[in-house]
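Notes to accompany the following structure.
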Amino acid sequence: MAKLKVTQIKSSIKRPKDQKLTLEALGLTRIGITVEHDATPSILGMINKVKHLISIEEVK
């Protein structure tokens, strides 16, 4: 299974509550935090919901 490196690049201030909760569920609590996740369908759906606030990089 592919791994993804997800980094928060924009603030969650003035964002809808569901986007804030999605960032928190991904483990992103502030700008600059980077986490690694497996590319499962649920994680990909969460990433798609907040793709304008994060950057995604595939880990090899």
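Accessible area per residue for the chain in Å², computed with a 1.4 Å probe and the full protein assembly in place, what is it?
Working: 4070 Å² over 60 residues.
Solvent-accessible surface per residue comes out at 68 Å².
Computed from Cα atoms, the angle from the helix 17-26 axis to the main principal axis of the chain rounds to 30 degrees.
Computed over the chain with a Gaussian network model linking Cα atoms closer than 10 Å, the most mobile of ILE33, ILE47, ILE13 is ILE13.
Where the accessible area of the chain is counted over protein heavy atoms with a 1.4 Å probe, how much of it, in %, is carbon and sulfur? Write down the numbers at each step before the final one.
Numbers: 2180 of 4070 Å².
Carbon plus sulfur share of accessible area: 54 percent.
Enumerate the residues in the stretch 17-35 having an amide nitrogen under 18 Å from the point lying 7 Å beyond the Cα of LYS51 toward its Cβ. Correct set: 19-20, 22-23, 26.
Let me have the 222 nm mean residue ellipticity of the chain computed from DSSP H runs of 4+ only, each contributing -39500 (n - 2.57), with the sum over all residues rounded to the nearest 500. Walk me through the numbers on the way to the answer.
Values: 2 runs with 19 residues, N = 60.
One gets -9000 deg cm²/dmol as the mean residue ellipticity at 222 nm.
In summary, the aspartates and glutamates within cross-link reach of LYS3, defined as a Cα separation below 14 angstrom excluding same-chain residues under 8 places away, comprise GLU36, ASP38, GLU57, GLU58.
Under 22 Å of direct C-alpha separation, and excluding same-chain neighbours fewer than eight residues apart, LYS17 reaches these lysines: LYS49, LYS51.
Can you tell me the relative contact order of the chain? Whole percent, Cα pairs under 8 Å, sequence separation 6 or more. Walk me through the intermediate numbers first.
Values: 86 pairs, mean separation 33.9, N = 60.
Reported relative contact order: 56 percent.
Overall, the chain carries a charge dipole of about 300 debye about its Cα centre when +1 sits on the Cβ of Lys and Arg and -1 on the Cβ of Asp and Glu, all other atoms neutral. Residue-wise HN-Hα couplings along the stretch 10-16, as the Karplus relation 6.51 cos²θ - 1.76 cosθ + 1.60 with θ = phi - 60° gives them from phi, are 10, 6, 9, 5, 6, 10, x Hz; Gly and Pro carry x. Rounded, prolate or oblate: which fits the stretch 12-51, taking a ≥ b ≥ c as square roots of the Cα gyration tensor eigenvalues, rounded meaning a/c under 1.5, else prolate when a/b beats b/c? Oblate, since a/c reaches 1.5 and b/c is not below a/b.
The values are calculated or read from the model by the stated rules, or taken from the named source; none is laboratory data. Note that this is a predicted model, so its numbers are computed, not measured. With ideal geometry, Cβ positions are generated from the backbone for all residues, glycine too; neighbour counts draw on all protein chains shown. The accessibility values were calculated without ligands, DNA or RNA, using every heavy atom of the protein model including side chains. Shrake-Rupley method; radii C 1.70, N 1.55, O 1.52, S 1.80 Å.
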